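What follows is a single structure, written as structure tokens, with notes after it.
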Amino acid sequence: MGFGFRNFCSSFLPFFLLLSFLQQARAKHFHNESSFRGRKQLTSCNFFQGSWVYDASYPLYDSSTCPFIDPEFNCQKYGRPDNLYLKFRWKPNMCELPRFNGLDFLERYRGKKIMFVGDSLSLNQWESLTCMLHAAVPQSKTSFVKKDDLSTLTFVDYGVSVMYYRSTYLVDLVGEGIGRVLKLDSIETGNAWRGMDMLIFNTWHWWLHQGSSQPWDYLQEGKTVYKDMDRLTAFQKGLTTWAEWVDTYVDPANTRVFFQGISPTHYIGKDWNDLKAKNCYKQTLPVSGSVYPGGELPPSIVLKNVLNKMSKPVYLLDVTLLSQLRKDAHPSAYSGDHAGMDCSHWCIAGLPDTWNQLLYSALIL
């Protein structure tokens, strides 16, 4: 499959393919103002504008040594025959990202609580971070507790708790007499997020679900109940409720807030100008350069508009473009117990490690 190899370093990969990729990456340039809110730029570099470059020192850890990866993200364990996708590093146009230092991360957040809140893309990033930290201190004692929607992994020697709270919409989904109701202006579940030292939020993919995979029967705003509405409109209303929660309950002196940008999917080859590709299956290289042919995602525009209206500081981990370029980084057919073709989530080790490298860079700079 792919180039017909299992280990890039011990094979004779045609070098002209890689050389062509690198030459195209250097030749293309792209400028797009990334949106931040309430963060003073400590560097003139925009971390989110750049391209992917080959780096033989990657990946940052061996996925086979990480005990925290769910089958749906564990691509190497579940048969993915290639590993070139593990060998790319994100290179901003005007600078270098600091290399992730797990020991430094743990020391900085000794005794602190870190929580990811969102859907399975938050789970993707949470598991990646736990692997990156575990790789730095493999002998350190850990404890894991899962109760209802909350999973907590604690690095006991450092007192650092890294949590994942499953909340696919951020706003409340409740059972009532008429059925399952998604309340666009209610966020009572937010009580579970208070008291954290760091919060990293995410939502989008579930707003598009319809039919049997849609977990709600009605939408509600105030006293008005809807059978359905434009999904981007619903997303904007839900995000606005979340933004009001942050502005009301978060004290920036005690809690840093991040929002994971919109994670893209790769189910349509024409989005990256490949009319032969049905989806991400057998994709082994990123899109070269700094421009994604499919353009900016509409939910990204909605998200940035909401963030720009907030009074409290929220740092946007604007991972959309750099993730759009990674058509090669999905589990595709190698996602364990995940049915069908998965071009939504990401392999671990893999792309979410870069999301966490960007998180780490934002913390130290």
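The values are calculated or read from the model by the stated rules, or taken from the named source; none is laboratory data. Because the structure is a prediction, the values reported are computed rather than measured. Neighbour counts run over all protein chains shown; Cβ positions are idealised from the backbone, glycine included. Areas reflect the complete protein model, heavy atoms only, side chains present, ligands, DNA and RNA absent. Shrake-Rupley method; radii C 1.70, N 1.55, O 1.52, S 1.80 Å.
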Review point. Taking the condition in contact (Cβ under 8 Å) with a residue 60 or more places away in the chain, under 19 Å from Leu365 (Cβ atoms) and open to solvent by 10 Å² or more (accessible area, probe 1.4 Å), does Asn93 pass?
Key: yes
Study note, to complete from the structure: Taking region 146-162 and the residues there that are β-branched (Val, Ile, Thr) and in a strand (DSSP E or B), the one that is nearest to Ala192 (Cα to Cα) would be Thr152
Revision key, fill the gap. Counting only residues that are free of Cβ contacts under 8 Å to residues at least 60 places away in the same chain, open to solvent by 30 Å² or more (accessible area, probe 1.4 Å) and closer than 13 Å to Met310 by Cα, region 210-255 contains a total of 3
Check your understanding: Given (1) under 21 Å from Asn356 (Cβ atoms); (2) part of a strand (DSSP E or B), where does Ala135 come up short, assuming only one miss?
Key -> (2)
Review point. In the set Leu133, Leu103, Leu123, Leu129, which member is modelled with pLDDT of 95 or more, surrounded by fewer than 15 Cβ atoms within 10 Å (Cβ to Cβ) and of a type in the set (A, V, I, L, M, F, W, C)?
Key: Leu103
**Study point:** Qualifying residues in region 183-197 (those that are touching a Lys or Arg at 6+ places or on another chain (Cβ under 8 Å) and buried (at least 19 other Cβ atoms within 10 Å of the Cβ)) - the one farthest from Val160 (Cα to Cα)
**Key:** Leu184
Point to revise | Hits in region 351-365 (condition: within 11 Å of Asn124 (Cβ to Cβ) and in contact with a Lys or Arg (Cβ under 8 Å, 6 or more places away or on another chain)) | key: Leu351
Exercise for review: Could you check, for region 256-277, whether at least one of its residues is more than 30 Å from Asn83 (Cβ to Cβ), assigned to a helix (DSSP H, G or I), out of contact with any helix residue (DSSP H, G or I) (no Cβ under 8 Å at 6 or more places or on another chain) and not aromatic (Phe, Trp, Tyr)?
Suggested key: no
Exercise for review: Please identify the pairs in which a residue from region 137-160 that is on the phi > 0 side of the Ramachandran plot has its Cβ atom under 9 Å from the Cβ atom of a residue that is open to solvent by 50 Å² or more (accessible area, probe 1.4 Å) and in a strand (DSSP E or B), counting only partners at least 6 apart or on another chain.
Suggested key: Asp148/Arg166
**Study point:** Candidate set from region 198-209 (those that are hydrophobic (A, V, I, L, M, F, W, C) and open to solvent by 10 Å² or more (accessible area, probe 1.4 Å)); member that is nearest to Ile301 (Cα to Cα)
**Key:** Trp204
Point to revise | One residue from Gly195, Gly175 being without any contact (Cβ under 8 Å) to a residue 12 or more places away in the chain and in contact with a strand residue (DSSP E or B) (Cβ under 9 Å, 6 or more places away or on another chain) | key: Gly175
Practice item. Would you be able to tell me the number of residues in region 308-349 that are of a type outside the set (Val, Ile, Thr), over 21 Å from Trp207 (Cα atoms) and not in a helix (DSSP H, G or I)? Key: 20
